[in-house]
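*Asks:* Can you read through this structure? Questions will come right after.
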Amino acid sequence: MSIADRVRNPALNTKIMSAEAAAELIPAGANVGMSGFTGAGYPKAVPQALARRIERLHAAGEAFRIGLWTGASTAPELDGALAKAHGIEMRLPYQSDPVVRQQINTGQMQYTDIHLSHVAQLAWFGFLGHLDVAVVEVAGILPDGRLIPSSSVGNNNTWLDQADKIILEVNTLQNPGLEGMHDIYYGTRLPPHRLPIPLTGPGDRIGETYLRCDPAKVIAVVHTHQPDRNSAFAAPDDTSQRIAGHIIEFLQHEVKRGRLPADLLPLQSGVGNIANAVLAGLNEGPFNNLTAYTEVLQDGMLDMLRSGKLSMASATALSFSPGALADFNANIDFYRQRIVLRPQEISNHPELVRRLGVIAMNAMIEADLYGNVNSTHVMGSNIMNGIGGSGDFARNAYLSFFMTPSVAKDGAISCIVPMVSHVDHTEHDVEVLVTEQGLADLRGLSPTQRARLIIEQCAHPDFRPALRDYFERSQRGASGRHTPHLLNEALSWHARYVETGHMLPDAGREKRLHLA
């Protein structure tokens, strides 16, 4: 399909230009809102052209940096290219690029890590500053100027409304069958005029099929024909399968106890190999007629839609491996009846998560004895990616799971620690912790009851003695007994790894190595 077939608005057809020409229209110091959510639907050509322009300007001694706002993470053609050119002053709300991460952690780039449901409203409130330019990928432009959204929605409706100027990338490689899969809700109002969002089921359609766009604000239309970042997922290993097994067994127990219906409640799953393994387990499991209300649709949910285990899935983005993408494109008419793509302020909306009773399953870096979870920082100071939407779901879910292997770095690091080095999700938002060792149901327990359960159910056997010892001594030596901590010692676990490369004390480490 040619660009003429995709750009059907006569006025916008006259604004078709090269990516290089469009990049020249972005001023230094601008806040630029770009599309993209977890490697889907991001602009591919303009960011790279802008990066080349920045490199030329820097070589000539001219300063040029922008503020970069997106829906979530993007890909090397966007985040990576602009970071390598040292062109990003401020990044928000989420990232996963190694160059961006390195520059954030060395202080070369500012970064604001935000709950994904909050981004659009913060932009509308004016709390983030002024949005100068929007660069948004779309699958096509209608004669009246409305836009066919691409493989993600994210914050695109907000960027298009808020920005002074708009650059559209029309990607002819995106399947035209995406048309009709989206539900763009424009009913959000600012306080004190907010109204209830009229959504009561994952498959409800409450908005419009297309993105609105004022053609007068469009300063450039760029043709691209490039794929999204379609990364393959690792096959489920023994660790992830054991985590999945614990979760499925727990859900079966909840059904038997009458605390969940037989077809469960809408599922939310974070991105990654463990999450995909849990979905694979559910696809083989005893539950039928499932639904999903989540951020990102991965391979696992596509498999469940195809098998019939999942009847409907609501998300804001698609993130498929190459094989899953081929299946999606070949059977897009089937999937369009079962998938709804929404703005992230709706897909992640706390009120809707609570109303629907979502079962939230998210990954973590580490958890402590009392159930506080760190999902963003390594050793307390170095950002990994960001909080993403995990907080949107965890605090408001019917059930909130956090999952991780019990150890990292070939067993040198325990993912269950006395005190997390950074808190993203407090103990008040964490109901169930799961590792390959077991599952700890923390609902209704006091802090000390939680600690005993987490050590015995979730910690790796190599680290249990040291954790038990810390907990017992903290009960004797802490200033209080409700949430006992030996503060100087609690964080020394992380310091010990920095100094020695292993969290275990020397005696414990020597014993472990001897046993190995």
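*Asks:* Can you tell me which residues in region 130-186 are part of a loop (DSSP other than H, G, I, E, B), under 21 Å from LEU318 (Cβ atoms) and out of contact with any Lys or Arg (no Cβ under 8 Å at 6 or more places or on another chain)?
*Replies:* Of everything in region 130-186, those that are part of a loop (DSSP other than H, G, I, E, B), under 21 Å from LEU318 (Cβ atoms) and out of contact with any Lys or Arg (no Cβ under 8 Å at 6 or more places or on another chain) turn out to be SER150, SER151, ASN155, LEU173, GLN174, ASN175, GLU179.
*Asks:* Every residue in region 202-235 that is within 30 Å of THR435 (Cα to Cα) and either outside the structural domain of LYS165 (by TED's automatic domain parsing) or exposed (fewer than 15 other Cβ atoms within 10 Å of the Cβ) (or both), please.
*Replies:* ARG229, ASN230, SER231, ALA232, PHE233, ALA234, ALA235
*Asks:* Sticking with this one: Look through ASP303, ASP392 and report the one residue that is assigned by TED's automatic domain parsing to the domain that holds ILE416, in a helix (DSSP H, G or I) and either under 25 Å from ALA234 (Cα atoms) or touching a residue at least 60 places away in the same chain (Cβ under 8 Å) (or both).
*Replies:* ASP392
*Asks:* Could you say whether any residue in region 190-200 is out of contact with any His (no Cβ under 9 Å at 6 or more places or on another chain) and surrounded by 15 or more Cβ atoms within 10 Å (Cβ to Cβ)?
*Replies:* No, region 190-200 has no match at all.
*Asks:* Within region 439-452, identify whether any single residue is touching a strand residue (DSSP E or B) at 6+ places or on another chain (Cβ under 6 Å) and either within 24 Å of MET361 (Cβ to Cβ) or charged (D, E, K, R) (or both), and answer yes or no.
*Replies:* Within region 439-452 (the criterion being touching a strand residue (DSSP E or B) at 6+ places or on another chain (Cβ under 6 Å) and either within 24 Å of MET361 (Cβ to Cβ) or charged (D, E, K, R) (or both)), the answer is yes, since at least one residue qualifies.
*Asks:* Quick check: anything in region 99-108 more than 16 Å from GLY67 (Cβ to Cβ), crowded, with 19+ Cβ neighbours inside 10 Å and modelled with pLDDT of 95 or more?
*Replies:* yes
*Asks:* Exactly one of (1) without any contact (Cβ under 8 Å) to a residue 60 or more places away in the chain; (2) farther than 24 Å from LEU486 by Cβ; (3) crowded, with 19+ Cβ neighbours inside 10 Å is unmet by VAL420. Its number?
*Replies:* (2)
*Asks:* Being under 22 Å from THR239 (Cβ atoms), at pLDDT below 90 and not assigned by TED's automatic domain parsing to the domain that holds ALA360, is that true of even one residue in region 486-497?
*Replies:* Yes, region 486-497 contains at least one residue that is under 22 Å from THR239 (Cβ atoms), at pLDDT below 90 and not assigned by TED's automatic domain parsing to the domain that holds ALA360.
*Asks:* Sticking with this structure for a sec: Within 30 Å of ILE16 (Cβ to Cβ), out of contact with any helix residue (DSSP H, G or I) (no Cβ under 7 Å at 6 or more places or on another chain) and not in a helix (DSSP H, G or I) - does that describe any residue in region 229-252?
*Replies:* yes
*Asks:* Continuing with the same structure: Out of GLU345, GLU351, I need the residue that is under 25 Å from ASN157 (Cβ atoms), at pLDDT 95 or above and out of contact with any helix residue (DSSP H, G or I) (no Cβ under 9 Å at 6 or more places or on another chain). Which one?
*Replies:* Going through GLU345, GLU351 in turn, the sole match is GLU351.
*Asks:* If you don't mind, there's one more thing I want to ask. Report yes if some residue within region 371-393 is within 22 Å of TYR293 (Cβ to Cβ) and aromatic (Phe, Trp, Tyr); otherwise report no.
*Replies:* Yes, region 371-393 contains at least one residue that is within 22 Å of TYR293 (Cβ to Cβ) and aromatic (Phe, Trp, Tyr).
The values are calculated or read from the model by the stated rules, or taken from the named source; none is laboratory data. The model shown is predicted, which means the values in this text are computed figures rather than measured ones. Here Cβ is always computed from backbone atoms with ideal geometry, including for glycine, and neighbour counts include all displayed protein chains.
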